[in-house]
Structures are given as C-alpha cells and as structure tokens.
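Report on the following structure.
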Amino acid sequence: MGRKVFVVGVGAGARATEPKELEYTYEKNLKVLPSYGVIPVFGAMGGLGAMPGVSINFALVLHGEQDIEIHRPIPPEAKVRSSARLANLYDKGKAALIVMEVATKLESGEPLFTNRFSIFARGEGGFGGDSGPRPGNEPPARKPDVVAESPTLPQQALLYRLSGDKNPLHADPEFAKLGGFDRPILHGLCSFGIVCKAVVDHCLGGDVNKVARYQARFAGVVFPGETLVTSAWQDGKQILIQAGTKERSSPVISNAAITLR
C-alpha cells in the first residue's frame, strides 16, 4: 500500500488507463520506481535531532541534495532493515550541510539501497569546517535529448505526505511562513520522485531496473500546482538531468544524474 501511495504522490496515474502507467499503480505487473527507496528509511532518519552535537531549528532546514544507490531492483514487497549514520558535516558559511547515510538491507542481509541525505541547516554555518566537494554532473552545452513536462496538483504535497514525510513545512501555512515561504512548498523528495519518473518514462521506456544510482541537488522550490519541466542528456552510462518550473522558469533540481546498469 505504501508504495502505491508514494507513486500517486509523485504523479503516477495521471494517465490512468495507459498500460505503462498501470504498472506503477495496479496489482498486475507491478514495478517499483527507484526513488521509492527514500521512503522506507524515514524511521532511521528520525533520530537526526537526537544525535550528539546536532541541535538545529527544523523550521530553517532545507533538503540540499539526495543520492540513492540501488544495489538490486526494488521488489514490490519485502521486509527491510535500515541503519543511519552521520557521514559528513560541511561548513557552507551561513549554513551547515549535514550528510546522513542510511543503508537498507533485505531481511536476508543483502544490501538493497543506500541513501545519502544532505540537510541544509540555515544559520548553523561559520564553524570553520570543510566546505565540501564542488557540485558535479553538469549537463553538456547542447540542447537536451529529452524535455518532459510533469504537472502537479494543488494538493500534491498533501498526497505525498501520506507516504510518511510529515514535515509541516509542506502542509501548514504558519509553519511555512516561519521558514520564509508565503505558503507550503512541495517536498524536495516529491520533486526528486517526479523527475525520476519523467526520466524513466521518457528516456528508459519505463524500465525501472536500469537505474543503478540517482543523484540530485535541490536548487529551488516548487509550489503545489506548478508544472515541472525535466531536461535530460544521454552521456554514456549516465543521463544528466536538470529541472525547473514552467510557470516561473525557476530551477528546481540541478547537478543531477541517473547512472545506468
């Protein structure tokens, strides 16, 4: 059930009777979008605020980057176990970048996927630490091979939060104002999933098993109801990606890439 809620939350089912679309949502011939791997780890991520030395204002926290390695195709059903660790801490001047790594294994002990969440904590920088590596995955200086539009619904954030990401920034107008937004914004991981689906559908013919790794940097916000425009460039074993909003021509995801098996 959780997987089907997730795929609807990232836009699956908009073309409800198309065979390829039904594979995401209907019990017959089910397949799992690789970005679903961010969902089962929320329990392990919940301890971030309790880690020694980590004291941050969650109203000022933004998701900076996401990196998921898919070690084997994600099955429609499985029992898994996740463990989290603080992997890196970088000084970005006005903010700290906290990198949490979560390894998820099948009940048998075989690795399934590894997530790296980069959390941008505003107001927590300036402690003199390493600023971290420079962003990579720059697209080439030519027209993209694929451009795909993905409309979102006004209630898209409310749909996505049913998967377990209950940050009030994406539902509560008053909390959103504390974070500097005039209304709730779409989850970064929702945009991450929407863009993943656009690339899988339009570049990989819907073959979710070709995705070995998906990296992205969150470059801006999406307001529910806006349309994401995903541009993709094939470059050997990688598909380089960037995405923005159609309505505001505002960047949303940059320095992104899907690595193919």
(message) Explain nothing, just compute: Karplus ³J(HN,Hα) = 6.51 cos²θ - 1.76 cosθ + 1.60, θ = phi - 60°, for every residue of segment 243-256 in order, whole Hz, x for Gly and Pro.
(response) 8, x, 8, 5, 6, 10, 6, 9, x, 10, 10, 9, 6, 10
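Excluding A95 itself, what net charge comes from residues whose Cβ is under 11 Å from its Cβ, given Lys and Arg +1 and Asp and Glu -1? Numbers along the way, then the final one.
On the way: positive: K92, K94, R122; negative: D91, E124.
Here the count lands on +1.
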(request) Assign unit charges at the C-beta atoms only (+1 for Lys and Arg, -1 for Asp and Glu), then state the dipole size of segment 104-172 relative to its Cα centre in Debye, rounded to the nearest 20. (result) 140 debye
(message) Going by amide H atoms built from the backbone, whose H comes under 5 Å of the H on L153, apart from near neighbours?
(response) G225
(request) Using θ = phi - 60° and the Karplus relation 6.51 cos²θ - 1.76 cosθ + 1.60, list the HN-Hα couplings for segment 112-125 in order, rounded to whole Hz, with x at every Gly or Pro. (result) 10, 7, 10, 9, 10, 9, 9, 9, 8, 9, 5, x, 10, x
(request) Quick one: what are the phi-derived ³J(HN,Hα) couplings along segment 195-205, Karplus 6.51/-1.76/1.60 with θ = phi - 60°, whole Hz, x for glycine and proline? (result) 5, 4, 4, 4, 6, 4, 6, 9, 10, 10, x
(request) Take each of the peptides 150-159, 116-125, average the number of other beta-carbon atoms within 10 Å over its residues, and list them starting from the highest. (result) 116-125, 150-159
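Quick one: grab the alpha carbon gyration tensor of segment 113-163, order the square roots of its eigenvalues as a ≥ b ≥ c, and give me rounded if a/c is under 1.5, else prolate or oblate depending on whether a/b is larger than b/c.
Values: a/c = 2.39, a/b = 1.22, b/c = 1.96.
The shape class here is oblate.
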(message) Among F113, P173, S254, whose Cα projects farthest towards the positive end of the dipole of the chain, with charges put on the beta-carbon of Lys, Arg (+1) and Asp, Glu (-1)?
(response) F113
(request) Quick one: which residues, 5+ away or cross-chain, put their amide H under 5 Å from the amide H of G64? H built at 1.01 Å from N. (result) S118, I119, F120
(message) What distance in nm separates the two pseudo spin-label positions at A141 and E77, each 7 Å out from Cα along the beta-carbon direction?
(response) 5.4 nm
(message) Sequence gap at least 6, Cα distance under 8 Å: using those rules, report the relative contact order of segment 163-209 to the nearest whole percent.
(response) 21 percent
(message) Please compute the per residue accessible area over segment 154-194 with all protein chains in place, 1.4 Å probe, rounded to a whole number of Å².
(response) 44 Å²
(request) Give the peptides 248-254, 196-202 in descending order of average Cβ contacts within 10 Å, highest first. (result) 196-202, 248-254
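At 0.36 nm per residue, and after removing the present C-alpha to C-alpha distance, how many nm does the segment from L204 to T17 gain when stretched out fully? All intermediate terms of the calculation are to be shown ahead of the outcome.
On the way: separation 187, 0.36 × 187 = 67.32 nm, distance 2.00 nm.
The span from L204 to T17 would gain 65.3 nm if fully extended.
Once R0 is set to 25 Å, what does the formula 1/(1 + (r/R0)^6) return for the Cβ-Cβ distance between V5 and Q238, expressed as a FRET efficiency to the nearest 0.05?
On the way: r = 30 Å, r/R0 = 1.21.
In this case the efficiency is close to 0.25.
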(request) Compute the distance in nm between two label points, each set 7 Å from the Cα along the Cα-to-Cβ direction, one at E101 and one at S131. (result) 2.4 nm
(request) Using Cα centres only, tell me the gap between segment 2-24 and segment 153-193 in whole Å. (result) 20 Å
(message) From the helices alone, meaning DSSP H stretches of at least four residues, give me the mean residue ellipticity at 222 nm for the chain, per-run term -39500 (n - 2.57), in deg cm²/dmol to the nearest 500.
(response) -4500 deg cm²/dmol
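At 1.4 Å probe size, with the rest of the protein present, what percent of the exposed accessible area of segment 135-195 is carbon and sulfur atoms? Show your work: numbers first, answer last.
Details: 1780 of 3130 Å².
Whole-percent figure for carbon plus sulfur exposure: 57.
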(message) Using the Cα centre of segment 178-243 as origin and beta-carbon charges of +1 (Lys, Arg) and -1 (Asp, Glu), tell me which of I185, Q238, A219 is placed farthest towards the positive end of the dipole.
(response) Q238
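The values are calculated or read from the model by the stated rules, or taken from the named source; none is laboratory data. Treat the numbers as computed from the prediction; the structure is a model and nothing was measured. Backbone-built Cβ (ideal geometry, glycine too); neighbour counts: all protein chains shown. Keep in mind that these areas ignore ligands, DNA and RNA; they rest on the heavy atoms of the full protein, side chains included. Shrake-Rupley method; radii C 1.70, N 1.55, O 1.52, S 1.80 Å.
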